[in-house]
Amino acid sequence: MDVAPQETLAHTLRYKLGLTGTKLGCNRGECGACTVLADDVNIYACSTLTHEVKNRAVVTVEGLRAADGTLHPVQAAFIEELSPACGFCTAGQVMSAVALLKANPRPTREEARLAMSGNVCRCGAYDHYLNGVMRASGQLS
Amino acid sequence: MTYMHIGKDFTPPDVEGKVTGAARYAEDFKKDGMVFARLLGSPIPAGRVVSIDASAALAIPGVLGIFTADDLPPAPPPSNPALAKEWVTYIGQPILAVAAESDHLAEEALSKIVVEYQRRPFVVDPLDTLTEGGPDPYPNGNTLIRNAGEAAAGTTASGTDVGRVKWSIDQVAAFRAGREPVGAQFGDEWSYGDVAARFAECSTVIEEPFVTIGQPHHSLESRTGMAYWENGKCYFHGSLQSHTVGHDALSAMLEIDPANLVFINENTGGGFGSKIFPYPMMAVTGRFARKLNRPVQLRITRAEEFYIGSARSGMQGWIKIGLKDDGRVGAVDVAIVNDAGSGGGGSASSSAEHISIMFQPEAMRFRGLAMYTNTTPRGAQRGPGQNEMAAVLAPMIDKAANLAGVDRVAMRRLNAPRMDGKIGARQGGISSSYMPEAIDKAAQMFNWDQKRSLPREISATKVRGIGVGQGFHTAGSNGYDGLIRIAPDGTIYLHTGVGNLGTYSYAGVVRAAAEALQCDWDNCVVVHGHGDLNLPHSTYQGGSNTMFTETRSSHVAALDVIQKLKEIAAAEFGGAADDYSIGGERVFRTSDSSKGMSYGEAAQKAIAMGGKYSGMEYPDDIHRTTVRSVQAMQGTGLIGVAKDTLPRSGAVPGMAIAFCEIELDKETGKFDIVDYTAVAECGTVVHPKGLRQAMNGGGIWGFGMAGFERHVYDPQNGLPANVGLYQSKPPTYLDVPVHMNTAGNDMPDPQSPVGARGIGEPAQGCAVAALMSAIADALDGHLFNRTPVTADMIINHVAQNGFNTGNLKTNTF
């Protein structure tokens, strides 16, 4: 794939690879809708040049399912808790939650709130996303 | 009442797509040959376009053309034009669009276009243009005139015009200083009862000024459309919060027969009132595609969303409230000047309506005026009028209650609407109200009696505040169509023209049909989101309207299905339709259940019988959108279709009550919400998790209105200072409580077949009111008389720096 020097990762993912699950809410690092993982760290794809992630493992929301199609525990928990509202920020919320649980498998609700604070939800579904994180970490039954 | 589906949680069919990225929004669709359009916004707040030179842009290889106001029908004020020419009225207003083979080329082309403007005077504060001699935002005036039937030629806003209203310098000075503007002219007035006489009976009377500042919607999905034309039809991927109700309006914008429009909108990334109906830039998308004969995608930026994504109207006002000895509200007198931005009508009467129903005053007068300014256009935003009034009213009601020696919650319960509650100018009735019970439930959940006795001092710098507030919005209508098809294999297709704005109501409402049909939800398919899927004419989705309105239309369609099932069974097994019952997805003879057939078998019979059973015939009173859908499905199964003609009277009130406990740091001006508890008074709870979503999300919006979000314009040049999210600023995880405690009152409304009313807007109103009440409580009852109350205001108050709350300044800093 030919990637221009100034091309953002969000642009490459959405418009060259067709991975439209990664959303552009602001395109300037304010909202987190474009969050993806690079080597298990959550980053804003709108503010990352594609060349910066060369040779790094980039995972988008489309890449979370297991090989047999099983949803990632965060995705399953978000469904169970009806975490998304309009859903436009959801992919970013999912990716931040996945990154959090990789680094801290049993976060407190306060820790989860801090870890997710780079993801804006204009619908205000924060309580439901936090419930989803707690469920995915096995702390909510 | 025991239900199969109502009141039970379920997994809406679209939620998995949202967590996997499979859910597609307008910008996610591509079409071969698609080109990208971008908008050029005005750099000046007021003036006109003298000339456009796009020659350098058009010379760039890959740039395909421009689209200007000359390509659109004329739209003189007060219309909000898709593209401006003669009447440029705010910074960021779209002037033209350019299309190119790539978005980068389109953006490069914009930088090459030279537009010559002629400037006009501008104004950003409504009271500045209201003052005699002050500048007008339009060449022909400063206010909206409603003159139904006399719309200016070419206007799209039927029955409106631009007029001019001026107050004397003394009247404006009095208003700014928080006094009644005696003798001033208003555009909208109503009253009931003998206001003066009732005030005379009041032992506690307060007078207060108030200011609320508009704020942008900032839906996270910025406005996007992708349109293309095939065989005379326009296929339009858009982002609306309603669906079929906007079909005719979008067809009109494109000047085509509605039958030649296919509108596709499965998911919408937020609307909050700004996407109820088609908005102006959609005309550019569709028409530019036709002009270029190429698929066109037009997506606006986050900053452009600030400019043309709509915004709430602000208020500057004065209110007088009288309480009788027992705490009852005897009289209210309120005057409001709305900031309508460069377009919009204000919502002052709705603000007054909030007071009239929430406190049931014995007499009341309202006067309102909507003033234009050279700021971003205003429109409906979550509880327009009611919620900003809830915000500023709550601390004032607290003050009056405290002066009268009545507990704040007890005072609200005493004045709350009962079943015989009245509303508004005409003092009409309501469908039902269990608001006193909701207040009791929420007070118990919050433990009000215990918390009100807690000490206010937490530490040397921190103080506690507890607050209470109410929200209201009319929450239902009637007269829309329901449509159901049972396929020969027994699958039940529940068609809805309701949009998917993120509340899952599109799925919740059709569960009323599943309930009536007594069928397994797993055997139902919700059909929505695509104009080619044969959708009925459904309600607009705004104003908490969907749940009441569309459970009714779903229900009547289900009743039509049931009647046809029974008639088909009677034709097969003898007897009359009334001799048959349904259950287990079968229709059978009540006296002998062996004589019956499955729904799928009945659908096969319906096809064979034809006529009304298979959609070959249909009711005369259904909307033409529904007619087209029925015609497209003729002969494919058992068709149930009906218009909602169920009885309805009075306003349908959506209401909510909230409590808030905060810890306020007097050194930083920041506060933490440590307890938020709210109860919805919205009839039967249809979808418990969905209700919590609505209540919690509305709560977040309330916190934003109370503490953070506002327009800020530089009065020197009309420039907005906060076009981004981090400036505007919607609350984040860190601005809201770590837990939210919300519930429903769950008492049925008699005018809904499943007892449901809506709740979207009151969810915000109660939260902003409760938080404003808590802030005032933490500061010994101090009134800021405005929203938002920002940290700097709190610090200045604590430091006794004399923050000027009496000067009704809005939009500016």
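Placing a label point 7 Å from the Cα of A:GLU52 along the Cα-to-Cβ line, the residues of region A:92-111 whose backbone N sits under 17 Å from it are A:96.
Model label points for B:VAL182 and B:GLN450, set 7 angstrom from Cα along the Cα-to-Cβ axis, are 5.2 nm apart. Comparing Cα centroids, region B:669-734 and region B:569-633 end up 48 angstrom apart. A viscosity of 1.567 mPa s and a temperature of 4 °C, combined with the Kirkwood radius over C-alpha pairs in the Stokes-Einstein formula, give chain B a diffusion coefficient of 47 µm²/s. Across q = 0.13 Å⁻¹, region A:9-136 modelled as identical point scatterers on its alpha-carbon atoms has Debye log10 I(q)/I(0) values of -0.47, in the order of the q list. Take B:SER591 and B:GLU207, extend 7 Å from each Cα along the Cα→Cβ direction, and tell me the distance between the two endpoints in nm. Simple spin-label model gives 7.8 nm for this pair. Computed over the alpha carbons of region B:481-643, Rg followed by Dmax gives 15.1, 48 Å.
Rounded to the nearest 5, the antiparallel percentage of DSSP beta bridges internal to the protein assembly as shown is 80%. Counting only heavy atoms of the protein chains and using a 1.4 Å probe, A:CYS46 has close to 10 Å² of accessible surface. In order along region A:96-108, phi translates into HN-Hα couplings of 5, 5, 4, 4, 4, 6, 5, 7, 8, x, 10, x, 6 Hz, rounded to whole numbers, per the Karplus curve 6.51 cos²θ - 1.76 cosθ + 1.60 with θ = phi - 60° and x for Gly and Pro. Sites listed here are GluC sites (Glu not before Pro) in region B:208-261 whose DSSP assignment is loop and whose Cβ has at most 12 other Cβ atoms within 10 Å: B:GLU255. In the context of the full set of protein chains, residues of chain A present 37 Å² of accessible surface per residue (probe radius 1.4 Å, heavy atoms only). Dividing the summed helix terms, -39500 (n - 2.57) for each DSSP H run of n ≥ 4, by the number of residues in the protein assembly as shown produces a 222 nm estimate of -8500 deg cm²/dmol to the nearest 500. Accessible area per residue was computed with a 1.4 Å probe on protein heavy atoms; B:ARG485 scores about 40 Å². Computed 3J(HN,Hα) for region B:736-751, one whole-Hz value per residue from the Karplus formula 6.51 cos²θ - 1.76 cosθ + 1.60 where θ = phi - 60°, is 10, x, 6, 9, 10, 10, 10, 7, x, 6, 6, 10, x, 7, x, 9, glycine and proline marked x. A simple rule links phi to the HN-Hα coupling: the Karplus curve 6.51 cos²θ - 1.76 cosθ + 1.60 with θ = phi - 60°, which for region B:283-299 gives 5, 5, 4, x, 6, 5, 4, 5, 5, 7, 6, 9, x, 10, 10, 10, 10 Hz, with x for Gly and Pro. In this calculation the C-beta distance from B:SER111 to B:GLN563 is compared with R0 = 51 Å, giving a FRET efficiency of 0.20. Between the amide H of B:ILE264 and those of B:PHE236, B:HIS237, B:GLY238, B:GLY531, distances stay under 5 Å, these residues lying 5 or more places away or on another chain, with hydrogens modeled in the peptide plane. Each of B:MET747 and B:ASP170 was given a label point 7 Å from its Cα along the Cα-to-Cβ line. The distance between the two points is 5.1 nm. Loop-located GluC sites (Glu not before Pro) in region B:435-539 (DSSP state not H, G, I, E or B) with no more than 13 neighbouring Cβ atoms inside 10 Å do not occur. Taking Cα centroids, how far is region B:288-344 from region B:444-489 in Å? Here the two parts' Cα centres lie 22 Å apart. Note on B:ASP325/B:LYS8: beta-carbon distance plugged into 1/(1 + (r/R0)^6) with R0 of 30 Å gives a FRET efficiency of 0.05. Using a probe radius of 1.4 angstrom, the carbon and sulfur fraction of the accessible surface of region A:9-136 is 52%.
Taking a 1.4 Å probe, which of B:HIS797, A:HIS128, B:HIS104 shows the most accessible area, and what order do the others take after it?
B:HIS104, B:HIS797, A:HIS128
Hydrodynamic analysis of region B:287-399 uses the Kirkwood radius over alpha carbon pairs. Inserted into Stokes-Einstein at 4 °C and 1.567 mPa s, it gives a translational diffusion coefficient of 80 µm²/s. Interface of A with B. Using a 1.4 Å probe and counting protein heavy atoms only, the two chains hide about 4500 Å² of accessible surface, both sides summed. Legend: calculated FRET efficiency, B:SER102 to A:ARG28, from the Cβ-Cβ distance at R0 = 22 Å, rounded to 0.05, equals 0.65. When the alpha carbon coordinates of region B:702-790 are projected onto the principal axes, the ranges are 56, 33, 26 Å, largest first.
Of the accessible area of region B:198-265, computed with a 1.4 Å probe over protein heavy atoms only, carbon and sulfur atoms account for 43 percent. Taking a ≥ b ≥ c as the square roots of the eigenvalues of the Cα gyration tensor, an a/c ratio of 1.5 or more together with a/b no larger than b/c marks region B:1-113 as oblate. B:SER350 contributes an accessible area of around 40 Å² to the protein surface, as traced by a 1.4 Å probe with all chains present.
When the P(r) is computed for the protein assembly as shown, the part past 50 Å accounts for 19% of the Cα-Cα pairs. Put simply, the amide H of B:VAL525, placed in the peptide plane, has neighbours under 5 Å in B:ILE492, B:TYR493, B:LEU494, leaving out anything fewer than 5 places away on its chain.
The values are calculated or read from the model by the stated rules, or taken from the named source; none is laboratory data. For clarity, every value in this text was computed on a predicted model and none was experimentally measured. Here Cβ is always computed from backbone atoms with ideal geometry, including for glycine, and neighbour counts include all displayed protein chains. Areas reflect the complete protein model, heavy atoms only, side chains present, ligands, DNA and RNA absent. Shrake-Rupley method; radii C 1.70, N 1.55, O 1.52, S 1.80 Å.
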